[in-house]
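What follows is a single structure, written as C-alpha cells, with notes after it.
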2 protein chains.
Amino acid sequence: MEKCNNGSGRGTLSVVGTGPGAVKQMTLAACEVLEKADVIIGYKTYLELIPAFLEGKEVISSEMMKEVDRCRTALATAETGKNVALVSGGDPGIYAMAGLVYELARESANSCRIEIIPGLAAINSCAARLGAPLMHDFAAISLSDLLTPWDLIEKRLAAAAMADFVTAIYNPRSKRRTDQIVRAREIFLAHRAATTPVGIVTAATRENEKITVTCLADMLESEIGMQSTVIIGNSQTFTWNDLIITPRGYSGKYRL
Amino acid sequence: MEKCNNGSGRGTLSVVGTGPGAVKQMTLAACEVLEKADVIIGYKTYLELIPAFLEGKEVISSEMMKEVDRCRTALATAETGKNVALVSGGDPGIYAMAGLVYELARESANSCRIEIIPGLAAINSCAARLGAPLMHDFAAISLSDLLTPWDLIEKRLAAAAMADFVTAIYNPRSKRRTDQIVRAREIFLAHRAATTPVGIVTAATRENEKITVTCLADMLESEIGMQSTVIIGNSQTFTWNDLIITPRGYSGKYRL
C-alpha cells in the first residue's frame, strides 16, 4: 500500500532523512531516492555531508534560507513535474521537515505527490553510541522555545521526570538559549537521584563526534551545544565500562 | 571515536537493526556488517526478511529460542573469535536487544567487542507511513506488563496524556493481553478530545502492511495486534487527506 497525500500532480517531493551524518548511516531507500532525483534541495550543512549524491544534479543549497522558504521552493519545484529530494538531517519525521512540508502543501493546494523517507534520528544514533539507554519507555523533549511556550516545555519535563521516563533532550542549548538546560536539570533533580547517568552525544558519527557519559549532578560541566543530544536515564539506568544501559526488566524475571 | 564496551577479546558481536522489514529500509552500515559476519543469529521471523544476507553464512535461527538464550549464544560465539551479527528487527536500541546483550556480557565477563548498529525503529517507520505525527515532543510507552508492573505503565500513560505528548504505543495488544489498550484509551480520553487523531500501523513496509487513520473515540474498532504500533496525536494534531500531522508551531510564528 502506498501512503501519501493523494497527490495527483506530475512531480514527486521526497523528504529524505540522511541520518546523523555518516553516509553509511543512510538507508538504501534514501540513497536510491537521492540517486533518482532531478533536484536536491537542502540546508548547506546537510548537503555537505553527502557530496557523492549531488554530482550531476540540480542542487539548491543555502546557508541562510529559512525552513519555510526551503519547503516552499521544494514544493513549487515538484509542482513543475520534477522529482525533488528535500534533504533533512536525522529523520524528517522527528522534529524536522515532514510536518512543515505537509502544512505548506495543504495551505498552497500543491498537487505534487509527497513521500517521507525516514532516517536514523538523533535518538537512534545517539543511543547506539552511548550503549543502550533507550531500552524502556522514553520521552523526547525539545528545549527550543522559539516555537513552543516555555511553560509547556517545563510541564513536559516535569511529567517525564515524575513518571520515570528515560528522556532524550533535543536542542538543549544554543548560543542565545543557555538557561533552559539548567532548568531542565533542576526539574529532573527534584524527581531523580543526582547519580542518574546522563549521556551527551555531539555530532554523532561525524568527524567531530564527541561522547560524554556523566550524571545529573555533573552534566553542566560538560560541553553541550547546538549539535548535542542529551539522554537522561531512568531510575534503573546504570553505567558499565563507560556505557549507559537501561535494563528492560529481564533480570527480575529470569535471573540473568 | 569508537565507542564500545572496551572488549579485548578477538571476536566482535554486532547487534544489527534491520529496521521495519523491507530490505531497502536498512542502513548501508547494517548491510555491510551482515555481509562481513561469519555467523548470523536471529529470531526466525526477522531472518526470513533478509534471505540474501544469509547465503554462505553460518546461520543460527530459532522459532522458540528465547531472547536471553539467543543473546548468550551470540556472546559465546563471538568469544570464540568469530564476527557475529545478532539481528534485531527495528532498532536494537529501542525496546530491543542492545541492553540485554550488555547486561549479559557484564554478568558473564564476556570479553568480545560489542557494537550496536542502529536501525529504523517502529517510531521512525510508522510515523513516515502516517504522515508526520511525531513533529513535536513525544513519548514511547510499551503496554507489555510481562517485565514491567502495570501500575508504572499506567502512571506513564497518564503523565504522557496530561502533558500533551504525542504518544507511540508499543506492544499494544497480544492474544493474551487484550485489556491494556482499552485502559490506555480511557486514560487518554480523560485528558484529550475524542476526536484526537490516532494512527495504527501494522507490519510497516512489509507485504501485509496495514495503515489505519482513526481517532481516540473509534480506535478500538480497528484491528490492533502483535505487529501494530499505535500513535496518538497531541491536542494540536490534525488529519489531512488521510494523513496525521502534528504542527511544530510555525503557523503561529510565520503565518504559513
Original post:
To the nearest Å, what is the center-to-center distance of the range A:144-217 and the range A:41-89, using C-alpha atoms only?
Top reply: 31 Å
Subject >> Shape of the range A:123-245, Cα gyration tensor, a/c cut at 1.5 >> reply: oblate
Original post:
Taking every residue in A:218-229, how many Cβ atoms of other protein chains lie within 10 Å of its Cβ, on average?
Top reply: 0
Original post:
How many percent of DSSP beta bridges within the range A:1-111 run antiparallel, rounded to 5?
Top reply: 5 percent
Subject >> FRET E, pair A:S235, A:Y46, Förster distance 41 Å, beta-carbon r, rounded to 0.05 >> reply: 0.65
Subject >> Anisotropy class of the protein assembly as shown from Cα gyration tensor, a/c 1.5 cut >> reply: rounded
Original post:
How crowded by other chains is A:82-91, given as the mean number of beta carbons from other chains within 10 Å of each beta carbon?
Top reply: 1
Subject >> CD proxy at 222 nm, helix term only [per DSSP H run n ≥ 4: -39500 (n - 2.57); per residue of chain B; nearest 500] >> reply: -8000 deg cm²/dmol
Original post:
Looking only at A:V33, A:V201, A:V182, which one moves most when chain A is put into a Gaussian network model with springs between Cα atoms under 10 Å?
Top reply: A:V182
**OP:** Among the listed pairs B:K66/B:K210; A:K66/B:K24; A:K36/A:K82; A:K36/A:K66; A:K155/A:K175, give every one whose C-alpha distance is greater than 20 Å.
**Re:** B:K66/B:K210; A:K66/B:K24; A:K36/A:K66; A:K155/A:K175
Original post:
For helix B:150-162, what angle does its Cα long axis make with the longest principal axis of chain B, in degrees from 0 to 90 and rounded to 10?
Top reply: 50 degrees
Original post:
Out of the DSSP beta bridges found with both residues in the protein assembly as shown, what percent are antiparallel (nearest 5)?
Top reply: 45 percent
Original post:
Order of B:207-213, A:223-229, B:57-63 by packing, highest average Cβ count within 10 Å first?
Top reply: A:223-229, B:207-213, B:57-63
Original post:
For B:R177, which inter-copy label distances result when the label point lies 7 Å beyond Cα on the Cα-to-Cβ vector, reported in nm to one decimal and in ascending order?
Top reply: 3.4
Original post:
So how far apart, in nm, are the two label points at B:E63 and B:L152 if each is 7 Å from Cα heading toward Cβ?
Top reply: 3.3 nm
Original post:
Where both partners of a DSSP beta bridge lie in chain A, what percent of those bridges are antiparallel, to the nearest 5?
Top reply: 40 percent
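Where a number appears in this text, it was derived from the coordinates with a stated rule and is not lab data. Computed from a predicted structure; not experimentally measured. Here the Cβ is made from the backbone with ideal geometry for all residues, glycine too, and neighbour counts use every protein chain on show.
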